[in-house]
1. Obtain the nm distance between the two label points defined at SER80 and ALA120 by a simple spin-label model: each point lies 7 Å from its Cα along the Cα-to-C-beta direction.
2. Could you check the spin-label model distance between ASN202 and ALA24? Points 7 Å from the Cα along Cα→Cβ, value in nm.
3. Find the relative contact order for the chain and round it to a whole percent, using C-alpha pairs within less than 8 Å whose residues are 6+ positions apart.
4. Are any of the pairs LYS65/LYS127; LYS7/LYS33; LYS127/LYS192; LYS33/LYS127; LYS33/LYS192 more than 18 Å apart by Cα-Cα distance, and if so, which?
5. Mark the label point 7 Å from the Cα of ASP180 along Cα→Cβ and return the residues of region 140-163 whose backbone N is within less than 13 Å of it.
6. How about region 103-211: which trypsin sites (Lys or Arg not before Pro) there are in a DSSP loop, with at most 16 other Cβ atoms within 10 Å of their Cβ?
7. Give me the net charge for the shell around THR161: Cβ to Cβ below 15 angstrom, other residues only, Lys and Arg +1, Asp and Glu -1.
8. Taking amide H positions as placed in the peptide plane 1.01 Å from N, state which residues far from ALA28 in sequence (5 or more) or on other chains have amide H under 5 Å from it.
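Just so you know, all these numbers are worked out from the coordinates, no wet-lab data involved. Everything quoted here is computed from the prediction, not taken from an experiment. We place every Cβ from the backbone using ideal geometry, glycine too, and count neighbours over all the protein chains shown.
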Amino acid sequence: MAVDAVKSTAITNLDATPYIPNSAGQGASGRLKSIDGFCAATATGLQSAGSVYKLCRIPTGAIIKSVNIATDKAPDVTASNVLSLDVGLVFSDSTIDGTQAALQALIPTTANTGGTVTLATYTAANKIFGNINPASATLALLPTDLVFNGIGSTYNFLGITQQPIWQTFGFTDGRGSPADPNGFFDLYVYVKTAATTGQACNIYGRVAYVY
């Protein structure tokens, strides 16, 4: 049987002659930034599919390294515990932070071709950090890193941790060339399946990224 002897792209670049420098956050060290925030979720909100909680804001050019979600109480206190939460990125709805008016409050879709959808429609919304089903009806959701939770056929290691997030979503300019739309994304938590008996709690989110 043949053994593997494989180098990452970053190490291959460094071993090349002449060597190829890697970019910060993409094989080279970079300054890690962190931002967090929380929302107060009501019991009735958690019992309503379509409720959305926007937790913190990152630039479209961020290279994401970790995403943590937590609650300070159990969000669904019914033993069957059916609550299901999607976690993804939506464009900022701010009119003053540089986010294009045509993109404000829209969600990049899983097509990853620069397409978007509204929160109200939610069809093919990216939920790039997967789905959470709280494991207990009596315990708060402990801080959980979800950066790889959405990995599957739509996203992979490269798309989430090794390139700017706008590139993962496939944004282009008028000529069809890859281009940063600029502005900001908000980390969101979306109630996909409502809680049977919701409990008011704070939902916390933190994103670590290189930019």
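1. Once both label points are built, they end up 3.1 nm from each other.
2. So the label points at ASN202 and ALA24 sit 3.1 nm apart.
3. Value for the chain: 40 percent.
4. LYS7/LYS33; LYS33/LYS127; LYS33/LYS192
5. Flagged as within label range: 163.
6. ARG175
7. Charge balance near THR161 sits at +1.
8. Hits under the 5 Å cutoff: SER23.
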